[in-house]
Amino acid sequence: MIRLVGCFSSLRYWCLLPLAHFGPKFRKIVYNFGLLQSVRFKKFRFPTALILIAVIFANCDNKNAKNKVGKKVRRPSISFAALPKSVRSPDDNPASVEKELLGRFLFYDPILSGNKDVACATCHHPNNGYAEFLDISIGVNGKGFGSRRDFRIPNDIPFVKRNAHSVLNTAFNGIDTKNHYNPKTAPMFWDDRAKSLESQALEPIKTLEEMRGRDYSETEILKEVVKRVKNIPEYRKLFHNAFDDEEITIENISKAIAAFERTLLANNSRFDAYMRGDSEALSISEKDGFELFKKVGCANCHNGPMFSDYKSHVLGVPENKKLPLPDRGIGDSFAFRTASLRNLRFTAPYMHNGSFNDLQRVLEFYEDISFGRSRNPLLPKEKFDPLVRELELSVKDMSQIISFLNSLNDQDFDKSIPEKVPSGLPVAGNIQ
């Protein structure tokens, strides 16, 4: 009897040992087979032990990724590269110094908003890495800057629905693992609702809570903006220099803003230097973190020069309680486009609705969903993207992965702000 008990104890020890030392794959196996709770409550029996050993070691060398129902998951082609040192412009909007100067003024000028209180730079300010430190933005009827921004009272304007992307490096949106991209069809926004920076530039102007306000319809605001700009002598001169004898049109306004945004680059991070041949640009910890980043599955979606596959994925991010209704994403599927991991230092809080304040919480969320735990009650785990379910992330990996992600930061970008704008309105809108 004593021998039997000793044998049983040893067997249980060796069954549990991999759970502690061999990472999330083993814990995931136990979790999915419903055995972990049995072990904890000492209902672990000899036949179950044998099954567990068989399951664990049968999966140790399984190199074919499978989802929870046994189907093979097709892994993407993964590679990484430094960002290009220069950008492409669409054929119908070639870059010029004059056009970029005009776009710069328009970017900072609240003349483009219905109430003349919001500029592009209100939510995409260089002091915040051309993003902002809010979970979801406050546009029309807002006051203050960054995390201190709030609505004026009284207020009947809702929050902006989603977290503000950084404008930095959006010139490269859509770039693939071979450095191919088309600026004419570059995906924009969390839901891919616009293609190209030219199209993107007009969407906030048309949106009630971002810049339009309640005094104009979507059609009326575009006409009103053109009318306002035409009535300012300095703008008439700037448009003449940028577009020769062409009229001031909403299309040319969008082209000028896009031309300026293509100058906002942060393409000289330490990771870029490393990929260009400087083997000492990354620390040992960062190099280890890079290998872990690839090994655990982060690179399945975050790859290429911008660390984004520019595809949509279902993750089950918790809803933002500031919003009255759930954000169902692309086609009511709860899918959102993969965000770039460039310059994360300037883009917190993270995810499409700013749910997580720091990278540790982001990685803990991914660990949870890799185990099939949903943080969004509207989304069952069966709806999670198969690639996400195949993550093999554990707490011990997180610090090194975060260390690597910090190597993607580049602080050497254009932070200059015009002293004034042609309309005479406050630069960057009502941010005081």
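Data overview
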quantity: Rounded, prolate or oblate (a/c below 1.5 giving rounded, otherwise prolate when a/b exceeds b/c) for the stretch 111-238 by Cα gyration tensor; calculated: oblate
quantity: Cα centroid separation - the stretch 178-218 against the stretch 153-173, whole Å; calculated: 11 Å
quantity: Size of electric dipole in the stretch 216-353: Cβ of Lys, Arg +1 and of Asp, Glu -1, about Cα centre, debye, nearest 20; calculated: 300 debye
quantity: Ordering of 422-431, 109-118 by burial proxy (mean other Cβ atoms within 10 Å per residue, highest first); calculated: 109-118, 422-431
quantity: Pairwise label distance in nanometres, residue 192 with residue 215, each label 7 Å out on the Cα-Cβ vector; calculated: 3.8 nm
quantity: FRET E, pair residue 228, residue 284, Förster distance 60 Å, beta-carbon r, rounded to 0.05; calculated: 0.60
quantity: Stretch gain in nm, segment residue 153-residue 409, where the contour uses 0.36 nm per residue and the Cα spacing is subtracted; calculated: 88.4 nm
quantity: Protection-proxy order for peptides 263-273, 215-225, each taking the mean of Cβ atoms within 10 Å per residue, highest first; calculated: 263-273, 215-225
quantity: Ranked 298, 120, criterion: other C-beta atoms within 10 Å, fewest first; calculated: 298, 120
quantity: Amide H contacts under 5 Å for residue 125, placed H, 5+ residues apart; calculated: 130, 131
quantity: Residue exposure sequence - 240, 180, 165 - by fewest surrounding Cβ within 10 Å; calculated: 180, 240, 165
quantity: Taking 275, 306, 211 and counting other C-beta atoms within 10 Å, the order from fewest to most; calculated: 275, 306, 211
quantity: Modelled FRET efficiency - R0 30 Å, residue 311 with residue 249, Cβ distances, 0.05 increments; calculated: 0.35
quantity: Spatially proximal aspartates and glutamates relative to residue 206 (Cα-Cα < 18 Å; intrachain offsets below 8 disregarded); calculated: 109, 117, 156, 191, 192, 198, 215, 218, 220, 224, 251
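Values in this text are rule-based calculations from the coordinates and carry no lab data. None of the values given here were measured: they were computed from a predicted structure. Note: ideal-geometry Cβ built from the backbone for every residue, glycine included; neighbour counts use all protein chains shown.
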